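The values are calculated or read from the model by the stated rules, or taken from the named source; none is laboratory data. Since this is a predicted model, take the numbers as computed values, not measurements. Glycine gets a Cβ as well: all are built from the backbone with ideal geometry, and neighbour counts include every protein chain shown.
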Amino acid sequence: MSTLLDMREHPRHEGHSAEPLPETWNGRATNRVQWLFAAAGAACVALGVELAIDSAWTSGYAALLMSVIGCVAAGLLMVFGTLAFVHVAVRVDGDCLEVRCGHMGLPRRRILLAHVVGADFAPWVTPRQWGGWGYRWRPEKGSAVVVRRGEGLVLRLGDGRSFTVTVDDAEAAVRIIRRRLRPVVKGTATGT
């Protein structure tokens, strides 16, 4: 039993430090549950269109107009709000980490590795920790892109903030980022 616990605490490829670093590392994470929310949004849009086309309301046009606009607006917000976070693509290249969300790649965040002071593997990141799915900010934790439960990558930035992203094979990204970080030399910050 203790060997199983020891295996979980160490990165999978710990002993392969002689492997050459790839030029770029690409990772993804998806959440198929959000397609259900997108479908609910499409149903709201369809209801708004149906109300606009085939309305037999006798209570007046103002109530009909508010219902149509409300259904269409709520539906579009649900559709585009959920499709933006159905999946996330993470890319680590020679000088930066780039996170692109959804099919259009928006929102997008690019973090220069020169601004990163450390990278950590988080074995279990949940939407509950961050207050939901999507692009999140919490004053005490930093910011995050959470598209599903599971492993994630946590960057510690030079300004004291952190950035977390849920991505498959986050351990490999952490290893690559750690190897590319410039070592901090004592005395350079104070000029001595």
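Here are the numbers for the structure shown:
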| item | result |
| --- | --- |
| Residues located in the stretch 66-80, provided they are more than 15 Å from Gly102 (Cα to Cα) and hydrophobic (A, V, I, L, M, F, W, C) | Met66, Val68, Ile69, Cys71, Val72, Ala73, Ala74, Leu76 |
| Residue selected from the stretch 98-114 under the condition surrounded by fewer than 14 Cβ atoms within 10 Å (Cβ to Cβ) and either of a type outside the set (D, E, K, R) or not in a strand (DSSP E or B) (or both), by the criterion modelled with the highest pLDDT | Leu112 |
| Elements of type helices (runs of 4 or more DSSP H) contained in the stretch 1-97, each with 3 or more residues being at pLDDT 90 or above, surrounded by 10 or more Cβ atoms within 10 Å (Cβ to Cβ) and among the small types (Gly, Ala, Ser) | 34-53, 61-83 |
